[in-house]
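Notes to accompany the following structure.
The values are calculated or read from the model by the stated rules, or taken from the named source; none is laboratory data. From a predicted model like this one, the values you see are computed outputs, not experimental measurements. For neighbour counting, all protein chains shown are included, and Cβ atoms are generated from backbone atoms with ideal geometry for every residue, glycine included. Calculation scope for accessible area: heavy atoms of the full protein, side chains included, ligands and nucleic acids excluded. Shrake-Rupley method; radii C 1.70, N 1.55, O 1.52, S 1.80 Å.
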Amino acid sequence: MTSGSKTYEAALERLNVYIKAHNMRRSVVREMILEQVMALPQPFTAEQLVKACAAERISVGSVYNVLSVFIDAQLIHAIQRQRGQTATEYELTTVAQNCIQMICGKCRRATTIHDKAIEHLIATRKYSNFNPHHYTLFIYGECKHCRQALLTKKAL
Ligand SMILES: [Zn+2]
């Protein structure tokens, strides 16, 4: 792999944090697909990933399932489609990037937020036995849409 195994380790770690936070099981296939994603030229299409994974005997269904997990976990993101372009392209999100995510317990949607106070606190925090590199902070709750739906229901 040309991108270096350090990047893969960081991506894998981020994936594992996400998996734990969402009570999912670790899966070998998911990790194999992550390896394929890292090996592909960026950006890539779902079709390119399917093709690369077919060589590893990974099913098309698994590729699409895992692709949506990777998007949710912010390992990759879709690029805005250009005019005349037929397929959506994806690219790796810089994995060492610090990130605060709000996760709705009802619809499971994850939203990345920026909170200067928290970011500053974490960036300046010193630990005697640990040297932090990066972080992903998950905040759980209810999103605006689900809260609105609940309030509407109560009003009826
Ligand atoms: Zn929601």
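Here are the numbers for this structure:
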read-out: Computed helical MRE - 222 nm, the chain, DSSP H runs ≥ 4 contributing -39500 (n - 2.57), nearest 500; value: -14500 deg cm²/dmol
read-out: Values of log10 I(q)/I(0), in the order q = 0.13 Å⁻¹, for region 38-85 under a Debye, Cα-only, solvent-free model; value: -0.32
read-out: Contour excess over end-to-end distance, with Cα ends at residue 152 and residue 71 and 0.36 nm allotted per residue; value: 26.1 nm
read-out: Listed residues 77, 120 arranged by accessible area, highest first, probe 1.4 Å; value: 120, 77
read-out: Eligible aspartates and glutamates near residue 106 by straight Cα distance, threshold 12 Å, same-chain separation 8 or greater; value: 142
read-out: Sequence of 140, 135 from largest to smallest accessible area, 1.4 Å probe; value: 140, 135
read-out: FRET efficiency for residue 86 and residue 39, using Cβ-Cβ distance with R0 set to 22 Å, rounded to 0.05; value: 0.40
read-out: Spin-label pair residue 140/residue 25, simplified geometry with 7 Å Cα→Cβ offset, distance in nm; value: 2.1 nm
read-out: Among 121, 137, 40, residue whose mean-square fluctuation peaks in a GNM of the chain (springs only between Cα atoms under 10 Å); value: 121
read-out: Cubic angstrom per residue, convex hull over Cα atoms of the chain; value: 179 Å³
read-out: Probe 1.4 Å - accessible area at residue 136, Å² to nearest ten; value: 40 Å²
read-out: The chain - percent of accessible surface contributed by carbon and sulfur, probe 1.4 Å; value: 54 percent
read-out: Accessible-area order (highest first, 1.4 angstrom probe) of the listed residues 134, 22; value: 134, 22
